[in-house]
1. Neighbour counts of other C-beta atoms within 10 Å: give me A:Asp257, A:Asp189 arranged from fewest to most.
2. What ranking do A:237-249, B:176-188 get when scored by the average of other Cβ atoms within 10 Å per residue, highest first?
3. Of A:Leu52, A:His228, A:Trp207, which is farthest towards the positive pole of chain A's charge dipole, taken about the Cα centre with +1 and -1 on the beta-carbons of Lys, Arg and Asp, Glu respectively?
4. For segment B:197-223 and segment B:1-43, what is the centre-to-centre distance using only Cα atoms, to the nearest Å?
5. Enter the mean number of other protein chain beta carbons within 10 Å of the beta carbon of each residue in B:198-204, as an integer.
6. Under 18 Å Cα to Cα from A:Lys155, which aspartates and glutamates show up? Leave out anything in the same chain fewer than 8 places away.
7. Go through A:Val323, A:Asn299, A:Pro341 and say which Cα lies farthest out towards the positive end of the charge dipole of segment A:276-342; charges sit on Cβ, +1 for Lys and Arg, -1 for Asp and Glu.
8. I'd like to verify something in chain A: which complete DSSP H helices, judged by Cα projection on the helix axis, reach 27 Å or more and average at least -0.5 on the Kyte-Doolittle scale?
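Where a number appears in this text, it was derived from the coordinates with a stated rule and is not lab data. It should be emphasised that the depicted structure is a prediction, and the values quoted were computed from it without experimental measurement. Here the Cβ positions follow ideal geometry from the backbone for every residue, glycine too, while neighbour counts run over all protein chains shown.
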Amino acid sequence: MTPRSGPGIEDRGLPQSSVPSPHSSILKFFASLKLTLLILAALGAAIMFAYLSETPTTWVLAGPLTAFALNLSAAVATNPVFRRQTALLVFHLALIAIILLIAAGRLTYLKGQLELAEGEVFDGQLMQEESGPWHQRQLETLRFSNDGFTIDYAKGIRRGNTRNQVSWVAPNGQIQWAVIGDQVPLVLDGYRFYTSHNKGFAPAFTWHPNSGGLPVLGTVHLPAYPLHEYKQAIEWTLPGSKTPLWVMLQFDEVILDPAKPSEFRLPAKHQIVVRAGEERRELKPGEAVRLAEGVLVYNGLRSWMGYTVFYDFTLPWLLAACVLAVLSLAWHFWNKFSAKPWNKAA
Amino acid sequence: MTLELELQTLWTALVLYVLAGVAAIFGVALQRKPERTVLALLVFGLVLHTASISLRWDRLGHGPYITMYEILLSNVWSLLAIYVLAYWRIPAIRATAAVVMPILFVMMGWLLMTSPYEGHLPATYHTVWLFIHIGFGKLFLGSVLVAVGISGIILLRGSRYGGERFVSLPDNSRLDELSFRFMAMGIIFETLMLIVGAIWAQDAWGRYWAWDPLETWSFLTWLCLAFALHARVAYKVTPQVGALMVLAVFALAFLTFFGVPFISTSPHKGAV
């Protein structure tokens with residue numbers, strides 16, 4: 001952070017000639033420490049603009065960060081002080097690496113959400129996602145199963161630890177198990193799967209179509225619980241049908257008691273209300289309802305968990321570059337300050 | 001262990017701090033040097049303050065980093081601990097207590113007006129990274145506070161009254177150099193705070209950086225600090241301008257630490 005300036009900044013070891021070449025002039029301009037200040041101010045202004053904008057505008061940071069990378073690179077290339085002060089050189093190279101890695105990360109990242117009912121296997125499909133233009137998608141090849149979860153709740157229905165058991169098949173063909181949750185993701189091929197606060201109940205049905213096709217087993221994810229405690233209903237369409245079906249979960253017991261610690265669990269007794277057009281039926285596990293296009297069997301109640309997935313191959317490299325930057329900066333300051341006590345005149 | 005005992009211990013500590021601050025201010029005004037008294041009062045205050053925090057930690061089962069009361073409680077402690085260390089090790093700048101203690105009085109007053117209610121420890125707080133993140137944050141703010149004390153002396157010397165009262169301290173260029181060193185320590189600690197915070201955020205919320213209000217303002221503080229350190233080199237600024245930049249960094253850091261919890265609705269907002 002220091003001696004890129006001073007008397008040396010103007011001649012900074014460039015070839016001596018009476019008429020500076022256009023290349024050296026451009027390099028000199030980009031290496032200027034005063035330009036660094038301007039870029040830092042521009043970066044701050046861009047951050048404020050993005051922060052105050054109501055729509056995502058982080059792209060405004062690209063300009064100042066590119067200028068910063070050019071400024072740092074030009075300074076490292078031209079300023080002889082970096083040949084004398086290794087710590088300072090390492091710090092600036094680490095800063096350049098951080099900017100390049102952030103750019104690479106933004107071009108190749110993926111972020112998304114998915115939901116899996118208990119016993120369901122992830123099939124590579126996401127409900128929502130965003131990714132960088134160069135992301136090479138490998139999600140379709142990944143599989144893991146949600147084997148059920150528990151969540152502690154403190155008094156006042158305040159969510160505590162989530163423990164979600166998951167299983168998957170390792171490359172050697174062995175089945176692997178793990179408990180993921182808060183702070184502990186499942187990492188498969190660089191994709192990091194996290195549990196989220198979104199979870200709820202999922203009635204499981206088997207649909208036997210009149211057309212004679214194979215029965216279809218599926219779950220309906222009701223709105224998140226306890227966030228939508230009083231809206232445990234949803235409208236959906238049966239597979240291969242155009243008939244809308246309305247499903248509601250009914251139970252009387254208190255699952256999460258605000259007066260004492262509790263745990264997320266399925267209700268001991270419940271029923272499902274199914275409504276198709278004018279017809280309304282209440283179903284218990286094992287019961288069926290005959291509809292115009294087939295028979296719907298209610299198998300029972302399960303839970304579903306919402307997951308977020310994140311991919312950014314730069315994460316370990318970015319961490320290494322950041323640690324290198326801060327250690328080299330500390331090393332530089334240590335060298336600088338230990339060379340002369342603060343209360344001795346220059 | 002009751003809340004009553006915890007608060008009585010804390011109030012006693014605060015009284016000792018106030019006495020130390022008043023002694024320091026009168027020492028400057030009357031051109032006396034009650035340094036040993038100030039140091040003794042601050043150390044006794046810190047001991048009681050530590051006891052109060054320990055009682056609360058033991059009673060609630062988690063550290064003081066959940067509610068605004070706890071954040072003020074622990075920050076007053078950490079700022080004083082770092083300042084007392086500087087006060088003890090660098091006798092030449094002990095007069096800065098007259099500048100630093102009034103700042104801490106404001107935080108103590110705020111602490112007394114804040115309800116000592118118990119907060120709920122979110123699931124995302126069960127990680128060692130949180131301790132490290134908070135620790136570096138406190139070291140950062142403490143380093144900048146010492147620089148603020150030194151900068152205050154430089155600025156007060158601009159007046160005739162201040163010039164007379166602080167005549168025995170090292171000259172402004174030396175104080176500026178010392179202030180720069182504390183700011184340099186500050187940027188190291190703040191950078192570490194941001195790195196560790198990103199490690200925590202990655203596994204707590206599935207992203208290492210999301211420009212939430214606290215992250216945004218923390219990074220703006222880092223930029224402001226980097227700007228101040230760079231400007232000092234690029235333009236060879238005067239000690240007075242350097243001192244003003246130190247105050248600007250502290251003001252921004254203070255707003256980030258204690259103001260953002262009031263405007264943020266993100267799960268990461270400093271105080272729950």
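1. Listing A:Asp257, A:Asp189 from fewest to most nearby Cβ atoms yields A:Asp189, A:Asp257.
2. My ranking of the peptides, most packed first, is B:176-188, A:237-249.
3. Result: A:Leu52.
4. Using only Cα atoms, the two centres lie 36 Å from each other.
5. Average per residue, whole number: 4.
6. A:Glu229, A:Glu253, A:Asp257, A:Glu263, B:Glu118
7. Toward the positive end, the furthest listed residue is A:Pro341.
8. Sorted by number, the helices that extend far enough and score high enough are A:33-52, A:86-108, A:315-338.
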